[in-house]
Amino acid sequence: MQQFLLRRTVFAIISLFGATAVVFGLSRLQGDPLLLYATPGYGLSPQQEEALTKKLRLDQPLVMQYAHWVGGIMQGDFGRSLLDNRPVTTTLSAKWGNTIQLAIAGMLVALLIGIPLGVLSAVKRGSMWDYFGRTFALFGLATPVFWVGLMAIFLISVRWDLLPSGTKYTYEAFPLSWNNIKHFIMPAFFLGWGPAAGLLRITRSSMLDTLDSEFIKLARAKGVSHNVVIWKHALRNATIAPITVLGLMMAGFITGTVVVETVFSWPGIGALAVQAVFNNDFPLMTGIVLIFVIIYLLVNLATDLLYVVIDPRIRIN
């Protein structure tokens, strides 16, 4: 186990440095970095150009520029946003909590819908529940989230006035009040809808394979109750495949909020990433990209370790 953790940690560090190299390289491929700081229509004065050249170390070789940039990141300094001149870490910390809350809500939607419907669809194979589950999975995977979200806003919010069309309610201290919860319903549902459909299909397929295995037939022959066979023996052995996908989905709930937050005007990291792209705010984009990379690396490591907890037959060397 210790060797595995050490090996994965080394691979994660290498991947992280690889991501920084790619991001830094793309920043230099787009042209002169000084153009990012130029005022539209006016450009930079000679004094400003000289000061920025020294500040950004553009008079040094690319290797030294990259080393200085990575050194600042390792100290938590991602630079300052070009739009408001605030530290990137300050801007991200102000939005991070909103994205985490929405990601947790979306993950709960995916788990509460995908796994139970997948199990029910497998157990009731060929029944109405099976057809309903497969239809839900088909629409969930095939329908674009941004289109469904816009249609939901038009019908549910504009025409029927049942739920808020977007943003987040921030004037209520108690987090479980209806004023807070109702703003989460549509963004969380459409964030978790696609992952729920994927979990449903994978859970159903894995459950069908497990239910046809010999140890399930033996458990039923020994008189074990139906519920125990399904929820204890079959489900536990069928969760390896869903957990693999769920690990990637958990990271996707963070990074995938870009579309949902934009559609529903949610004040989080995803919407901030879109603004950074439109404003060509490279320091802010860099901070968001690297945070997303770190999330993926940590979630993948946690997923590998979870295998051992779920299935003791798996051993990590």
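Please go through (1) without any contact (Cβ under 8 Å) to a residue 60 or more places away in the chain; (2) hydrophobic (A, V, I, L, M, F, W, C); (3) surrounded by 12 or more Cβ atoms within 10 Å (Cβ to Cβ) for Leu176 and return the number of the only condition it doesn't satisfy.
Failed condition: (3).
Scan region 145-159 and give yes if some residue there is in contact with a Pro (Cβ under 9 Å, 6 or more places away or on another chain), over 16 Å from Val259 (Cβ atoms) and not polar (S, T, N, Q), otherwise no.
Scanning region 145-159 turns up no residue that is in contact with a Pro (Cβ under 9 Å, 6 or more places away or on another chain), over 16 Å from Val259 (Cβ atoms) and not polar (S, T, N, Q).
Identify all residues within region 101-137 that are part of a helix (DSSP H, G or I), over 19 Å from the mean Cα position of the chain (by Cα) and either farther than 18 Å from Pro242 by Cβ or hydroxyl-bearing (Ser, Thr, Tyr) (or both); write none if there are none.
Matches in region 101-137: Ser121, Met128, Trp129, Tyr131, Phe132, Thr135.
Of the numbered conditions (1) of a type in the set (D, E, K, R); (2) buried (at least 17 other Cβ atoms within 10 Å of the Cβ); (3) more than 30 Å from Thr244 (Cα to Cα), Lys95 fails exactly one; give the number of that condition.
Unmet condition: (3).
Within 25 Å of the chain's Cα centre (by Cα) and in a helix (DSSP H, G or I): is that true of Phe184 in this structure?
Yes; evaluated as a whole, the condition is true for this residue.
Tell me, yes or no, whether region 132-141 has at least one residue that is within 18 Å of Leu191 (Cβ to Cβ), touching a residue at least 24 places away in the same chain (Cβ under 8 Å), surrounded by fewer than 16 Cβ atoms within 10 Å (Cβ to Cβ) and touching a helix residue (DSSP H, G or I) at 6+ places or on another chain (Cβ under 9 Å).
yes
So which helices (runs of 4 or more DSSP H) are wholly in region 199-300 and hold at least 2 residues that are among the aliphatic types (A, V, I, L, M) and touching a residue at least 24 places away in the same chain (Cβ under 8 Å)?
Passing ranges, in order: 235-238, 240-255, 257-263, 269-278.
Of Ala110, Ala122, which residue is touching a Lys or Arg at 6+ places or on another chain (Cβ under 8 Å), in the same structural domain as Asp212 (by TED's automatic domain parsing) and of a type in the set (A, V, I, L, M)?
None of the others qualify; the one that does is Ala122.
Can you tell me how many residues in region 62-100 are out of contact with any strand residue (DSSP E or B) (no Cβ under 8 Å at 6 or more places or on another chain), in a loop (DSSP other than H, G, I, E, B) and within 16 Å of Gln275 (Cα to Cα)?
Residues that pass the stated criteria total 4.
The values are calculated or read from the model by the stated rules, or taken from the named source; none is laboratory data. Model, not experiment: these values are computed from the prediction. Ideal geometry is used to build each Cβ from the backbone, glycine not excepted, and the neighbour counts take in all protein chains shown.
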